[in-house]
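A short worksheet on the structure shown next.
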Amino acid sequence: MRVLVVEDDAETAQFLRKSLRESGHVAEIAGDGETGLDLARNDDFDVLVVDRMLPERNGLSLVETLRDGGDRTPVLFLSALGDVDDRVKGLRAGGDDYLTKPYAYSELLARVEALARRATPEEAETRYAVGDLELDRLSHKVTRAGEDIILQPREFRLLEYLMKNAGQVVTRTMLLEHVWDYHFDPQTNVIDVHISRLRAKIDKNFETPILHTVRGAGYMIRDGAH
Amino acid sequence: MTALTNLFRSWTFRWAILYLLISVTASGAVVSYLFWQTNDLLAVQLLQTLSSEEKGLREQYALGGIGLLRETVRERARAPGAGIYLLTDANGRKIAGNLNRVPPELLENRGGLFTFDRQGLDGAKVERLAVGRIIRVRRGALLVVARDIQEQRDFALTSQRILLWGVAVVALIGLGGGVLVSRYIFRRIDAVTETSRRIVDGNLSERIPVNGSGDEIDRLSTNLNDMLARIEDLMTGMREVSDNIAHDLKTPLNRLRNRVEGALRADGDKQSYRATLEATIDEADALIRTFNALLSVARLEAGARSVSSETLSIATVVDEVAELYAPVFEEAGRELRVRNHLVMPAMIDGDRQLIGQALTNLVENALKYGHSVHAPAVRGAGGGESEKFETELIEVGTLSPARAAIHDVTIELGESATCDGVTVVVGDRGPGVPPDERERVKKRFVRLEESRSRPGSGLGLSVVAAVMRLHGGELVLSDNRPGLRATMRFPRASEGADAVLDRSP
């Protein structure tokens, strides 16, 4: 995956390039808004990571210009401005996700990967399957190895989001944002408890676990067979 | 001198002068008009008298010739308070009358004003003014008929003088009044100017004097004072934030630094480095959370953040948060319950994220501190503080041991009794907050002694209070007998009352 990081702080940019490379991706760096816009237009990237406050041209304007030109490359905004209305501004300008500084690298990676995946067409999917776990988005039916699993509505949405991002790390914040639509960090481990309840339903009576905890990052649904 | 210059520069004084000029001119015009009209009337009457006299004398002459005329003139001239008469022959010699010679002024124009000398009471000669006509009788004989108008003229002159003096006095009084009024207003506005000057110079606690009269300047001053109070609040908030950053963020940063430094010095193995680094990341995360909370409180309090307002059902938000937290409570062997006392769905105007966060903070507080004082297993060793509190409650009789054993947390939805609003009450069974601490704990970084040992930034309630203020509501802490009762009081949605009715089953 090719990622363009538009970030004016050189150390942060280097850290992201190095980390993304270690995670198996290719990262290009632009130090200001104009350079970022040029690179984004003339090169092909899977995801753009754009700081909101940049020299030459700010991040909002960069993304707006890009979108006006018909470019649909997914954009993750990075910003020190973390209030809800800043987030709304960012998303309205054409951003696909918004991450408030300071952030954990694992959070950024998870979001970048989720964005890259979202860009590939999979809209029509009405069924998700991971190993022997199946989820029908229309009938809200969940089975594992043919056995019916009864889930609460919220548990269903939790599983649905995890399965949509199967094979990728999903952070607690991402879950809170997408399943509960809350954009703040709780002090307590609320998400963990919900996950453990879900795990009790889909993993407990089966040999291979399918819902994994990724230490220091979040959770991942993955077929245990490989 | 500057006081005088200032006086002339002040608009109140200028207006006073202008007003004075207009009123003096107007009253002067009215009085002058009356005066001239009266004078005119007198003159017309005089002329009529003269012409009727002339007519009468002509008749006498026609009846009895010059002889009868002479007799008549003599008679009339002798009468007390008589007019002025003179009959002369062709040579200008006096035949009869009380005037000694024909006034030369009259000879030229047959009639008009003339002066003549008369013996005053003291014997001196006095020049007097008269108006009269000359009638040519026959063969050069002349008859002068006139009236003394000296008194009338004196009266007119006196009136004029009085008028002028009057105008002068009125002008003087008006000027004095203008000076007084403008100095009064000047002083009061000057007080405002002075105060604002001092505020510009940095003394934000200055207030404009208000005299309690409730007049325009008072109202202006009151409003300015309110504005100043608000600004001062904001400035104080800013200062507090920077103090907070200095104190409550520097300390953990320093701790973090010390830990890393200690690890470097210790020359440990890979394992211990790793442990230190992980602890460092945890500490950094906690710092970041504190920092974010602090920033958001500051921004909420400054009102910098516009509430992205939507009309939402408060019950829905409560249910969502309860659903999010119920499992955590169950894991801890406790319970989170929602009791909805609303007769029909209540809508409020607000930001779902902020209200959700505020409610979350209260629920997390209840989770952290709100376990029953009778559940020693959860509380651990327990502080002397809470034991004392508990004993007191039992003594007062509000707490039966059976009731105290309930250690659940409730979120109650209800109508506000005091205002037309909705309340969301998070009640716990913990040690509560002593009455004299209830306002203080809403401030930034204020934590009760017994919560110090637990993780937390001391910003949770500040966030809730700020969110409530931003929504036009308030956060009230009270006694839950036992425990803490945190009440969020929201005003109802301004519109959408119909929608509520439509949606209610």
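The values are calculated or read from the model by the stated rules, or taken from the named source; none is laboratory data. Keep in mind that what you see is a predicted model, and the values were worked out from it rather than measured. When we count neighbours, we look across all protein chains shown, and the Cβ atoms used for this are built from the backbone with ideal geometry, even at glycine.
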> For segment A:3-19, what are the residues that are closer than 19 Å to A:Ser79 by Cβ, surrounded by 17 or more Cβ atoms within 10 Å (Cβ to Cβ) and not acidic (Asp, Glu)?
Replying inline: A:Val3, A:Leu4, A:Val5, A:Val6, A:Ala13, A:Leu16
> Going through segment B:251-279 one residue at a time, which ones are within 56 Å of the chain's Cα centre (by Cα) and not aliphatic (A, V, I, L, M)?
Replying inline: B:Thr251, B:Pro252, B:Asn254, B:Arg255, B:Arg257
> Are there any pairs, at least 6 apart or on different chains, whose C-beta atoms fall under 6 Å, with the first in segment B:351-371 and closer than 13 Å to B:Val318 by Cα and the second part of a helix (DSSP H, G or I) and charged (D, E, K, R), and if so, which?
Replying inline: none
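Got at least one residue in segment A:131-151 being in a loop (DSSP other than H, G, I, E, B), under 27 Å from B:Thr360 (Cβ atoms) and either away from chain B (no Cβ under 13 Å) or of a type in the set (Asp, Glu) (or both)?
Yes, because at least one residue in segment A:131-151 is in a loop (DSSP other than H, G, I, E, B), under 27 Å from B:Thr360 (Cβ atoms) and either away from chain B (no Cβ under 13 Å) or of a type in the set (Asp, Glu) (or both).
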>> Just to be sure I understand, how many residues within segment A:42-63 are among the charged types (D, E, K, R), farther than 19 Å from A:Ala116 by Cβ and surrounded by fewer than 16 Cβ atoms within 10 Å (Cβ to Cβ)?
In response: 1
>> Tell me yes or no: at least one residue of segment A:71-91 is touching a residue at least 24 places away in the same chain (Cβ under 8 Å), more than 27 Å from B:Ser296 (Cβ to Cβ) and not in a loop (DSSP other than H, G, I, E, B).
In response: no
> Which condition number in (1) away from every other protein chain (no Cβ under 12 Å); (2) in contact with a Pro (Cβ under 6 Å, 6 or more places away or on another chain) is the one that B:Ile288 fails?
Replying inline: (1)
>> Anything in segment A:155-170 that is touching a helix residue (DSSP H, G or I) at 6+ places or on another chain (Cβ under 7 Å) and either within 16 Å of A:Leu99 (Cβ to Cβ) or not in a helix (DSSP H, G or I) (or both)? List them, or say none.
In response: A:Asn165, A:Gln168, A:Val169, A:Val170
>> Looking at segment B:67-123 only, could you name the residues that are in contact with a helix residue (DSSP H, G or I) (Cβ under 7 Å, 6 or more places away or on another chain), free of Cβ contacts under 8 Å to residues at least 12 places away in the same chain and exposed (fewer than 15 other Cβ atoms within 10 Å of the Cβ)?
In response: none
>> Test of understanding: among A:Arg215, A:Arg154, which residue is within 26 Å of B:Leu354 (Cα to Cα) and surrounded by fewer than 18 Cβ atoms within 10 Å (Cβ to Cβ)?
In response: A:Arg154
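Is it the case that some residue within segment A:109-121 is assigned to a loop (DSSP other than H, G, I, E, B) and over 26 Å from A:Arg215 (Cα atoms)? Before the answer, list the steps.
To start, the set of residues in segment A:109-121 that are assigned to a loop (DSSP other than H, G, I, E, B) comprises A:120-121.
Add one more test, that the residue is over 26 Å from A:Arg215 (Cα atoms), and what stays is A:120-121.
Scanning segment A:109-121, I find at least one residue that is assigned to a loop (DSSP other than H, G, I, E, B) and over 26 Å from A:Arg215 (Cα atoms), so the answer is yes.
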>> For segment B:133-176, give me the residue count where each residue is under 23 Å from B:Gly111 (Cα atoms), touching a residue at least 24 places away in the same chain (Cβ under 8 Å) and not in a loop (DSSP other than H, G, I, E, B).
In response: 13
> What single numbered condition from (1) assigned to a helix (DSSP H, G or I); (2) modelled with pLDDT under 85 fails to hold for B:Ala304?
Replying inline: (1)
> Name the residues in segment A:216-226 that are in contact with a His (Cβ under 8 Å, 6 or more places away or on another chain) and assigned to a strand (DSSP E or B), would you?
Replying inline: A:Tyr219, A:Met220, A:Ile221
>> Testing B:Asn258 on (1) outside any strand (DSSP E or B); (2) surrounded by 14 or more Cβ atoms within 10 Å (Cβ to Cβ), one condition comes back false. Which one is that?
In response: (2)
> Which of the residues that make up segment A:171-215 are touching a helix residue (DSSP H, G or I) at 6+ places or on another chain (Cβ under 6 Å), more than 8 Å from chain B (Cβ to nearest Cβ) and either part of a loop (DSSP other than H, G, I, E, B) or in contact (Cβ under 8 Å) with a residue 24 or more places away in the chain (or both)?
Replying inline: A:Thr171, A:Arg172, A:Leu175, A:Val179, A:Leu198, A:Leu211
